[in-house]
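**Student:** Please read through the structure below; I'll follow up with questions.
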Amino acid sequence: MKESMKKQSWKLIPKTASGRWSVVLIVAMPILFSIGSSFAKGLYQSVPAGDSILADISARPALAFTMLAGMAAGISAFITGLLAILRQKEKALLVYVATVIGALFLFFLAGEFMFPH
């Protein structure tokens, strides 16, 4: 059988750079959210939340930037994972998991913007 005709097997660890970035970013997302949550409970406990993101950035910058970085990491994990799967034919289970988690986060974020509470 030709080398190019061999069936690509599933792996756990990604081989492509995009796949590795997707996994790193999805791991960074909850870490950043945890750090931001600790800022809310400790450093900024007495500071009220702003009415908008810009007001929150000026009132509690470390908390706001940490949470925004966590959101950006989740969205970026979805995009890089999807690109690794579609363009580079990544077959690593961790990339698929990272992409699904990123997609779920993106749906949650879209719901928050469409139906604010």
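**Student:** To the nearest 0.05, what FRET efficiency results for V27 and F107 with a Förster distance of 22 Å applied to their C-beta separation?
**Tutor:** 0.65
**Student:** Return a single number: how many Lys pairs in region 9-114, at a sequence separation of 8 or more or on separate chains, have alpha-carbon atoms below 29 angstrom apart.
**Tutor:** Total qualifying Lys-Lys pairs in region 9-114 comes to 4.
**Student:** Give, in nm to one decimal, the length gained when the segment between A40 and M114 is fully stretched (0.36 nm per residue of separation minus the Cα-Cα distance).
**Tutor:** Value of the extension gain: 24.1 nm.
**Student:** GNM, the chain, Cα, under 10 Å: largest mean-square fluctuation among V100, V27, V47?
**Tutor:** V47
**Student:** P(r) tail for region 29-72, what percent of Cα pairs lie past 11 Å?
**Tutor:** Details: 555 of 946 pairs.
Distances greater than 11 Å cover 59 percent of the Cα pairs.
**Student:** Specify the residue with the greatest mean-square fluctuation among A55, A73, A64, computed from a Gaussian network of the chain linking alpha-carbon atoms under 10 Å apart.
**Tutor:** Ranking A55, A73, A64 by mean-square fluctuation puts A55 first.
**Student:** Hey, another quick one. What is the ratio of the Cα radius of gyration of region 9-114 to 2.2 N^0.38 Å, where N is its residue count, to two decimals?
**Tutor:** For region 9-114, the normalised Cα radius of gyration is 1.24.
**Student:** Turning to a different aspect of this structure: Calculate for the chain the 222 nm mean residue ellipticity that helices alone would give, adding -39,500 (n - 2.57) per DSSP H run of length 4 or more and normalising by residue count, nearest 500 deg cm²/dmol. Intermediate values should be presented prior to the final figure.
**Tutor:** Values: 4 runs with 77 residues, N = 117.
Mean residue ellipticity, 222 nm, calculated: -22500 deg cm²/dmol.
**Student:** Also, I was wondering about something else. Please report, largest first and rounded to whole Å, the three semi-axes of the ellipsoid equivalent to region 52-117, where each semi-axis is the square root of five times an eigenvalue of the C-alpha gyration tensor.
**Tutor:** Numbers: eigenvalues 164, 37, 13 Å².
Here the semi-axes work out to 29, 14, 8 Å.
Here, each number is a calculation from the coordinates, and none is a lab measurement. None of these values were measured; they are calculated from a predicted model. Using ideal geometry, Cβ is built from the backbone for each residue, glycine included, and neighbour counts are taken over all protein chains shown.
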